[in-house]
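Accompanying notes for the structure given below.
Rule-based calculations on the coordinates, nothing more; no lab input. Keep in mind it's a predicted model, so treat the numbers as computed, not measured. Positions of Cβ are backbone-derived with ideal geometry, glycine not excepted, and every protein chain shown enters the neighbour counts.
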2 protein chains.
Amino acid sequence: MASQPFTPRWGIMATGGIAQTFVKDLLTNPASRDVHDIAHKLVAVASSSSKASADAFLDKVKAPEGVKTYGSYHELVNDPDVDIVYVATPHSHHFQNTMLALEAGKHVLCEKAFTVTGSQARKLVETAKAKNLFLMEAVWTRYFPLSIKVRELVQSGVIGPVYRVIADNSLGNDGPNGSVTFPDENRMVNPDLAGEAEKEAPKVAAAINKYSTGADETTTVILQFPKHKSQGVAMTSLRIATDVDGHNTSGPAIKIQGPLGEIQVDGPAYRPLQYKVIKKDGGGKVEVVDCPIPVDEARDVGHGMFWEADECARCLRDGKKESATLPLSESIVIMEVMEEALKQGDVHYPDVITTDVYDPKSPLNTGGR
Amino acid sequence: MASQPFTPRWGIMATGGIAQTFVKDLLTNPASRDVHDIAHKLVAVASSSSKASADAFLDKVKAPEGVKTYGSYHELVNDPDVDIVYVATPHSHHFQNTMLALEAGKHVLCEKAFTVTGSQARKLVETAKAKNLFLMEAVWTRYFPLSIKVRELVQSGVIGPVYRVIADNSLGNDGPNGSVTFPDENRMVNPDLAGEAEKEAPKVAAAINKYSTGADETTTVILQFPKHKSQGVAMTSLRIATDVDGHNTSGPAIKIQGPLGEIQVDGPAYRPLQYKVIKKDGGGKVEVVDCPIPVDEARDVGHGMFWEADECARCLRDGKKESATLPLSESIVIMEVMEEALKQGDVHYPDVITTDVYDPKSPLNTGGR
């Protein structure tokens, strides 16, 4: 008889779109993605504004009976039945919200972007280490089987050393009269710089065209790794799309380039489903590999966020405090890069979201903002 | 009876690969590219080192009888039979060599890069204007029928306003033991930023990985035009190639992106032969347009440099002192951008090539260097 799967008990902080998608995936049967060693249990959901919002959330995700609902984040993090908190608030809130959970002794999976500043990221990591708690940034695509295969390919040397990565995560939609229709999913690209490049902190050169609100509209960031002879080019835009016509006609969203060839990942970069390998000596031949995201037929759900949840479960089971696939040191570097890019682009945020002083009564923790 | 075609008399300064290609094209029959209003006459060629080199050059290009040869640039620019000098020296020499020709009262077509610094470019333009002489930077691809069609398409609004141009002119070849095999053709990309964007001087953000010699190895430059909501991303590398396998398998070299669609130019970016139009509402359909370069069957030659020569001839015929397709103000901006990129990349050149003080006895003019 097989042993029982290890099953962490999840508490969900916030009830927006990303939380709904995550929890729908969390409630799928792991067997539908051929996972049998771990499982997931949803025990509580909190809205910052009202218990009613949390109740409505449970309806939306078709949650089973017995899940607790709260109208405050403080109640959620103090629920003794919660092992790990998924922080699904806007990234402006991540530092305060994750600190709230860590201070209450909870493990945390925190949505990307991890924080707003490098200093906030360093403080989160210090706090998790001091309290011996698991902490991970929810860069979900890093746990896709596609991403694992691409990293294995890069490490196998099929394209030689990685000299350049070009990642385009432009999702935008040009609007009337100079405006844009701002999709919720739009974020700064986190380029997966595979292999050795990770060991060298990059130099950053960034250009940000600002929107009328002061937020970034079209951003290009160059990450430079002179020691490794490589560069990363990350692009995002609200005005144009990587995938012009919605049929991936215009080409790949990501290109990983080495002297022996190139690995291309088709878009959208935030949820890739196919990669291609083009070898220098391939004579025009392309290896195309489809990596569909499995669906739990019983729930008709499968978005791909379950894989990062599985990683959290396995780390908790094995007593690991961070994921080897996305070490906390790398989340810190990513935030330092983003902070530098925003600085070079002259983008400013209010003090309440940039402070690295934890305040349990911050409006970001109490729902006042 | 048709009137005689206007026929400028060309003097060629330098005898290297680019000069050979240009002169072979210059010697083709304009009718082979359906041009009948102008023609070209080769009257003299100069090597900086010896008359013998210039004689050998004439053999290589299969020149007709009667072309004069010189062992110095000074003799060439003082030949009264020469109307226009084609400066085909390394770009380190362009400022001194072009000044030499202008001071001698000759019109000039100067190879790209125009100069080494913005100040040198400004001084060349001032001198040409003061002397009422024609001056043009030899950005040959700008005069390709393909480029004309792409500019017309952009201006017709088929992709809406240009929000981003991504140009990859990576030609490189990774060599053994960390070296690269340096192709002569490798230069900084001159991105064709079509339409309105040209009217706004760009902000520049650049990253340059340097080669062991101190020259640039992998360079990425972001040009930012906030007023036009657009950005240009120019990439070049000695280590990796835009065209991985030599079959254009890995996608376009240039993408011109607007909210309504995208125009893609297949590589190599330095000699494009095909473009594609992908419309947002095209439902996955791609318009592919081939633009072959016509060959003069009698000489078996056709590289595409004749079109820029034709432009020079028409400007001279019409009394124009600059080309409307590449105004001198734009050549100045291009050089200012390159200078800023090199500065940000901490790339330095010797004083003898960066000075903006004209010296007819500079070793760059006398063949001493």
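Numbers below:
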quantity	calculated
From phi via Karplus (6.51, -1.76, 1.60), per-residue ³J(HN,Hα) for segment A:348-354 in Hz, x at Gly/Pro	10, 10, x, 4, 4, 9, 9
Percent breakdown of C-alpha pair distances by 20 Å bin, ordered from the shortest bin, for chain A	28, 60, 12, 0
Cβ neighbours within 10 Å from other chains - mean over A:217-225	6
Rounded to whole Hz, the Karplus (6.51, -1.76, 1.60) HN-Hα couplings of segment B:270-286, x for glycine and proline	7, 7, x, 10, 8, 10, 9, 10, 10, 9, 4, 9, x, x, x, 7, 10
Cβ-vector label at 7 Å, A:Arg9, separations to other copies in nm	9.8
Rounded to 5, percent antiparallel among DSSP beta bridges of the protein assembly as shown	60
Between 0 and 90°, nearest 10: helix A:51-60 axis offset from chain A longest Cα axis	50
Over chain A: helical MRE at 222 nm, DSSP H runs n ≥ 4 each giving -39500 (n - 2.57), nearest 500	-7500 deg cm²/dmol
Copy-to-copy label separations for A:Asp318, where each label sits 7 Å from Cα toward Cβ, in nm and ascending	7.0
Counting DSSP beta bridges with both ends in chain B, the antiparallel % (nearest 5)	60
Other copies of B:Asp281: label-to-label distances in nm, shortest first, labels 7 Å along the beta-carbon direction	4.9
Mean separation of Cα contacts under 8 Å, 6 or more apart, over the residue count of chain B: relative contact order %	20
Principal-axis tilt of helix B:306-317 within chain B, Cα atoms, nearest 10 degrees	60
Mean separation of Cα contacts under 8 Å, 6 or more apart, over the residue count of segment B:1-104: relative contact order %	35
Most mobile listed residue (A:Ala63, A:Ala54, A:Ala206) in chain A, GNM with C-alpha springs under 10 Å	A:Ala63
Per-residue mean of C-beta atoms belonging to partner chains within 10 Å, peptide A:261-271	2
Peptide ranges A:281-293, A:78-90 listed from the most packed, as the mean C-beta count within 10 angstrom indicates	A:78-90, A:281-293
Cα centroid of segment B:227-298 to Cα centroid of segment A:342-369, whole Å	43
For A:274-282, mean number of other protein chain Cβ atoms within 10 Å	3
Net charge contributed by nearby residues that have their C-beta within less than 12 Å of A:Ser119 (K/R +1, D/E -1)	-2
